[in-house]
1. Calculate one ³J(HN,Hα) per residue across the stretch 131-145 by plugging θ = phi - 60° into the Karplus curve 6.51 cos²θ - 1.76 cosθ + 1.60, and present them in order as whole Hz with x for glycine and proline.
2. Which of Lys10, Lys227 comes first, and how do the rest follow, when ranked by fewest Cβ neighbours within 10 Å?
3. Out of the trypsin sites (Lys or Arg not before Pro) in the stretch 16-89, which ones are loop residues according to DSSP with at most 15 other C-beta atoms within 10 Å?
4. What's the ranking of 75-84, 127-136 by average number of surrounding C-beta atoms within 10 Å, highest first?
5. Counting alpha carbon pairs within less than 8 Å and at least 6 residues apart, what relative contact order, in whole percent, applies to the chain?
6. May I ask you to list the residues of the stretch 1-34 whose amide nitrogen lies under 11 Å from a point 7 Å from Cα along the Cα→beta-carbon direction of Glu48?
7. What percent of all Cα-Cα pairs in the stretch 136-204 falls into each 5 Å bin, going from 0 up to the bin containing the maximum distance?
8. Rounded to the nearest 20 Debye, what is the dipole magnitude of the stretch 136-204 about its Cα centre when Lys and Arg each give +1 and Asp and Glu each give -1 at the C-beta?
Amino acid sequence: MLTEAENNKKKVGEAAVAYVKDGMTVGLGAGSTVNMMVETLAKHLHKENIQIHVVPASIHTERLAKKFGIPLTDFSEVEQLDLMIDGADEVDQQFQLLKGGGGSLVREKIIASAAQELLIMVDESKLVATLGRFPLPVEILPFGWELTAKKLAELGAKPKIRGGEDKPFVTDNQHYILDCSFGEIPNPQSLHNQLKGLVGVVETGLFVDMVSTVLISSDGEVSTLSKK
Ligand SMILES: O=C[C@H](O)[C@H](O)[C@H](O)COP(=O)(O)O
């Protein structure tokens with residue numbers, strides 16, 4: 001028996017796989033919504049007799065795709081993707097995203113930047129007027145992380161090392177993540193630019209002007225918001 005949250009993830013995943021067509025190269029993000037969607041995608045491919053190739057954004061997503069027999073590819077073979085399907089931690093009214101709660105923001109952003117369309121799956125609770133309720137994940141180099149955290153604090157954040165100082169969480173890229181509460185982020189592009197200007201910052205979880213379509217689940221029903 002699925003919980004309400006799981007059912008919402010299942011339904012939005014079912015809606016997302018309908019965007020996958022024969023011959024596509026598809027990026028798959030990371031996180032619990034994507035995890036649930038991978039099996040649905042495998043069933044969709046089988047049922048519709050569709051052949052695709054997938055670029056996964058995390059080692060975990062890669063393992064899941066392999067488990068369900070979904071063919072993989074990478075940037076040694078493709079330059080452009082038709083579609084990227086991913087989750088998000090927050091979506092604002094301008095379709096700007098805050099991502100990285102699952103720790104895969106760098107690879108997700110690389111894949112999304114190579115995709116013609118980024119399709120985001122969320123439940124209603126992730127829609128916000130302004131980004132920033134969820135602490136912003138910032139991927140950083142482990143070397144000198146304490147100094148990078150101080151620089152982020154000088155920019156107004158309250159940075160916390162993910163996993164704790166004794167055993168920091170390590171990303172698939174062998175980096176650390178600072179979860180940074182900035183309060184409201186009215187101008188995501190400007191904050192992103194400031195953070196990227198700091199030595200030691202690899203990437204931020206702000207995905208600005210990348211999304212065209214957001215699928216939103218609520219009470220098991222899915223609605224679609226598309227950017228004009
Ligand atoms: O790094 C992880 C990703 O950005 C996820 O897409 C995001 O955290 C949403 O994850 P979930 O589907 O588990 O809420």
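1. Working through the residues one at a time gives 5, x, 5, 7, x, 6, x, 10, 7, 9, 6, x, 4, x, 4 Hz.
2. Lys227, Lys10
3. Qualifying residues, ordered by number: Lys21.
4. Working: 75-84: 14.4, 127-136: 18.6.
Ranking, from highest mean packing down: 127-136, 75-84.
5. On the way: 486 pairs, mean separation 51.7, N = 228.
In percent, rounded to a whole number, it is 23.
6. Those under the cut-off are 15-24.
7. All Cα pairs considered, the percentages come to 3, 18, 33, 26, 13, 5, 1.
8. Computed about the Cα centre, the dipole is about 120 debye.
None of the figures in this text is laboratory data; all of them are computed from the coordinates on show. For clarity, every value in this text was computed on a predicted model and none was experimentally measured. Please note: Cβ atoms are built from the backbone with ideal geometry, for glycine as well, and neighbour counts cover all protein chains shown.
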